[in-house]
1. Just to verify a result, which residue in the stretch 70-83, among those that are within 14 Å of the ligand (Cβ to nearest atom) and not in a loop (DSSP other than H, G, I, E, B), is nearest to Trp213 (Cα to Cα)?
2. So, in the stretch 116-144, exactly how many residues are charged (D, E, K, R) and modelled with pLDDT under 95?
3. If you go through the stretch 14-55, how many residues are under 19 Å from the mean Cα position of the chain (by Cα) and in a strand (DSSP E or B)?
4. Does the stretch 47-68 hold any residues that are surrounded by fewer than 15 Cβ atoms within 10 Å (Cβ to Cβ), within 16 Å of the ligand (Cβ to nearest atom) and not aliphatic (A, V, I, L, M), and which are they?
5. Give the stretch 103-121 a look and list any residue that's over 20 Å from Leu21 (Cα atoms), of a type in the set (A, V, I, L, M, F, W, C) and part of a helix (DSSP H, G or I), or say none.
6. Determine the pairs where a residue that is over 13 Å from Ala31 (Cα atoms) and hydrophobic (A, V, I, L, M, F, W, C), located within the stretch 71-90, has a partner that is part of a strand (DSSP E or B) and near the ligand (Cβ under 10 Å from one of its atoms) with Cβ atoms under 7 Å apart, the partner being 6 or more residues away or on another chain.
7. Name the residue, out of Ala125, Ala150, Ala156, that is out of contact with any strand residue (DSSP E or B) (no Cβ under 6 Å at 6 or more places or on another chain), in contact (Cβ under 8 Å) with a residue 40 or more places away in the chain and away from the ligand (no atom under 16 Å from the Cβ).
8. Does the stretch 122-144 hold any residues that are in a helix (DSSP H, G or I) and of a type in the set (S, T, N, Q), and which are they?
Amino acid sequence: MFSSSQAGSHQDALIVIAFGLDVQAYIENEAHQQCPRPEQCPHCGTVGRMTGHGSYGRKPKDLERAYRLRVKRWQCQHCQQTTSCLPSFLLSFRHYLVSIIQAVLTQRFEVAASWSELRPRCSQAGTPALRTMQRWAAAFAQQATTWLAAVGAALAGQDNHSPWLEPRPPTETASQSVAAALLTASLYLLAWAKTRWAEVTGYDLADRLAFLWHWGHDRGLGRLV
Ligand SMILES: [Zn+2]
């Protein structure tokens, strides 16, 4: 049974899971049913009391179509609160797949495209709408300072020296917005993560926002876009 409600993502605690990046494979394999049981309740911290609590429907979009998929939900038998396990190709408050949003953000902040240049590259037949894309860019720019600080700290703490930390010419640093810097830092974060976690070895350049979201959500950074 599909529920069109997205309410689950608002009241539930959220765990972001790397289910792979292919939304079609997620649907065909009913991957939500293979979701690992969370050890600990994100609401109350109780360990070992999470039980399955069904699932809810989401209808994420890309440029061509809307998908229908299920998000697995768990309930804590201690506090009764619910938690859902969101695949990393979805954000909690956005209809579009993360890959679509990443394309817009990289055009806007890395390529420094104007909105009229960006529009034909990132949308088809008015989808996503210009206003929607502008909202993503504004939200990402707003979160970028917090996220960049966390990514920078993680890269500084790693064993191998990251080129991210090399001193750069002041002109380049000054001209880069914080949002652009975060997109660049996410490349280094992903490169580092690939040496540590088998689950992200399949991630490439186009998946860095999905990885950043997965990584940062685990660290309590909250909203990204
Ligand atoms: Zn609990």
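1. Step one: of the stretch 70-83, the residues within 14 Å of the ligand (Cβ to nearest atom) are 73-83.
Those left that are additionally not in a loop (DSSP other than H, G, I, E, B): 73-76, 82-83.
Details: Arg73: 19, Trp74: 21, Gln75: 23, Cys76: 24, Thr82: 21, Thr83: 17 Å.
Out of the qualifying residues, it is Thr83.
2. We begin by selecting, within the stretch 116-144, every residue charged (D, E, K, R); these are 117, 119, 121, 131, 135.
Imposing the further condition that a residue be modelled with pLDDT under 95 reduces the set to none.
Of the residues in the stretch 116-144, 0 are charged (D, E, K, R) and modelled with pLDDT under 95.
3. Of the residues in the stretch 14-55, 4 are under 19 Å from the mean Cα position of the chain (by Cα) and in a strand (DSSP E or B).
4. Listed by number, the residues that qualify are Gly48, Thr51, Gly52.
5. Phe109, Trp115, Leu118
6. Correct list of pairs: Trp74/Met50; Trp74/Thr82; Trp74/Thr83; Cys76/Met50.
7. Numbers: Ala125 fails: in contact (Cβ under 8 Å) with a residue 40 or more places away in the chain; Ala156 fails: in contact (Cβ under 8 Å) with a residue 40 or more places away in the chain.
The unique qualifying residue is Ala150.
8. Initial filter on the stretch 122-144 (in a helix (DSSP H, G or I)): 122, 130-144.
Answer for the stretch 122-144, where residues must be in a helix (DSSP H, G or I) and of a type in the set (S, T, N, Q): Thr132, Gln134, Gln142, Gln143.
The values are calculated or read from the model by the stated rules, or taken from the named source; none is laboratory data. As the structure is a prediction and not an experimental result, all values here were calculated from the model. Reconstructed Cβ throughout: ideal geometry from the backbone, glycine too, with neighbour counts over all protein chains shown.
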